[in-house]
Every structure is written in C-alpha cells, then in structure tokens.
1. I'd like the FRET efficiency for residue 64 and residue 132, computed as 1/(1 + (r/R0)^6) with the beta carbon distance as r and R0 of 25 Å, rounded to 0.05.
2. How high is the FRET efficiency from residue 263 to residue 169, r the C-beta distance, R0 22 Å, rounded to 0.05?
3. Would you kindly state how much longer the chain becomes between residue 114 and residue 10 on full extension, computed as 0.36 nm times their sequence separation minus their alpha carbon distance, in nm to one decimal?
4. Provide the three semi-axes, in whole Å and in decreasing order, of the ellipsoid equivalent to segment 163-202 as defined by the square roots of 5 times the Cα gyration tensor eigenvalues.
5. What do you get for Rg/Rh of the chain when both radii come from the Cα atoms and Rh is the Kirkwood radius?
6. What are the principal axis extents of the Cα atoms in segment 93-182, in Å, biggest first?
7. For segment 183-338, what is the convex hull volume of the alpha-carbon atoms per residue, in Å³?
8. Could you pull out which residues in segment 164-202 have an amide N less than 18 Å from a spot 7 Å beyond the Cα of residue 286, following the Cα-Cβ vector?
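No value in this document is a laboratory result; all are computed from the given coordinates. Note that the structure is a prediction, hence the values are computed from the model and not measured. Cβ sites come from the backbone with ideal geometry, for glycine too, and all protein chains shown count toward neighbours.
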C-alpha cells in the first residue's frame, strides 16, 4: 500500500461502508412498506423532515392522494404515517450524504493532485453510477404513485442491483490501490470466478424480484415449495405466456430464486475445489475460504427467511448476507485478476 494513496483508499472504503448502510436501510424501507411515504422529490429541502404538526399533516395529506393510502392503508393514523415516513426519509438523506462524501473529497484530491489519471477516470465512473442510482430510486418510487399501490419489481431490481454494482466497483477501485503490484494470472480460474460473479448478480436481481412481488410470503416450505413438490404448479401456470411466470409471477420468481441459491453454492464449491489444487497467495486463500463460509451462512439465512415467512429482521439480515457474499466474491476475483 503506497502511503500517498492512504487517504484515497480510506475515502473509497468509507463510500463502501455508506453504500452498505444505504442498502440495509433500503431493505428495511422495503420490508416495512415505507418507500412510498414521501410522494415528492426535493433535492435540498427534502433533507429536512416535517418539523411541526402543520407540516406533518401537509405531508400526510399528500400521501393520502396516492394509491398506497387509498387501497392499502386507508384509515392509517398520523403516528403510523410518521413511522413509515422515517425510513424513507433516512434512506434519502443517506443517499444525499453519500453524494457529498464522494464529490467533495474527489474535488479536493483533484486539486491536490492526489489521484492518478487512471483513478480519476474510475472515480468519474463512480460518480456517474451514484447519480444514476439516485435517479433509479426516484424512477422506482414514481411507479407506485400512479395506479398500483406498489413499486415495479423491475425498477426495484434495477435500483438494488445498481447499488450492489456501485459498491462492487468502489471496492474494486480501492483494492487496486491497496494491492498495486501485478502478478501472474491464472486465466482459467479468473474467468470461472467472473462467471460466478455474474451468476451471483443474477441471483441478487431475483432476490429483488422476490422482494418487489412479496413472493417470500408464499410457499413457506423447504426443501420443497409445498409438501412433496419441488416446484409448485403455480410456478408455471399462474401467468400466460409461460415465461412470464418466471419474471412476473410470485411462485415462478420464488422458484428461480430458490434454484439459483443451489447454483450459487455449487459455483462457490467449484471455486474452492479448483483452487485447492493450486499454490495460492495468502489473500487468495483468505478470499476463497471467506466465500465458502459466507455462502453457507447466506444459504441458511435464505432457508430460514422462507420458513419463517420473511420477518423484517431476517429479511434485512438475508440482504446483508448477500452484500457480504458479493464483497467476498469481488475480493476473490480481484486477487485472481491483478
């Protein structure tokens, strides 16, 4: 690690931690159905919550104009509204704070010439990804303010997946600075881990589909979807044409998410098996072992989440597990790529 890079590394890792917190709060926001409580978007004034009863009633009256209140929460009290408002508000505030944490130090490092041309290019990509993530958040919220009292699961998946990918790239850029020395690359292992990363991202997308469709509240059995059935008949007969069942049907989406869990575990086991035959560096070995441990915990969390019908705390913990699993995958891939 170069001494001149320390401040830049800490800046990037701070961004990683903040994105992690953002994802946790976003998971709570989703699981508590709080995401549509703020029906407008104000970049500056939106950081200040209602400060008195008049302002709270104005915010509540605005919420009452939209489908979620009219179709799902009709008769909700002001105190109940305050509870859901809090999670969406803190979610948005953290998003704005992340923007400041990225932009202000970036300008400072540019002025002080602390960034290489390569890191400058990567940081600009990160700033674009962060801005796009904010846009997707509002684009997602808009989908729940028209006819249906819920956000589009496609937009939810895009919003969540972009957050995970922004974290991954931020972590990758930090790792480039932490481990600047190049080494000989085993391209076969690297390419297999790349494929594993893609499979894991697809699994994260389907996790978002499950969350967006509230598909975790059905088929609360394991290992079968229902007694004696690996795949429930509604997984392929709920919607027409058939393929829609696996991207828009609750049963079909849950079935894909369940099945991909086995596939992700198989890929991680294959990484462990393939690398066990090689002479690994210390950090390569740590990355592979971490992958193996985390995927086991994450699989267990997924099973418990299904069996217990997604209690909020367990749903959030499962999302945190996905975050750590992705982190371990990025770290391992980096150690086999640079």
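1. Working: r = 31 Å, r/R0 = 1.26.
Efficiency at R0 = 25 Å is approximately 0.20.
2. The calculated FRET efficiency here is 0.35.
3. Values: separation 104, 0.36 × 104 = 37.44 nm, distance 1.30 nm.
Value of the extension gain: 36.1 nm.
4. 19, 18, 4
5. On the way: Rg = 21.7 Å, Rh = 21.7 Å.
For the chain, the value is 1.00.
6. 52, 28, 18
7. Values: hull volume 16.3 nm³, N = 156.
So the per-residue hull volume is 104 Å³.
8. From segment 164-202, the list is 171-183.
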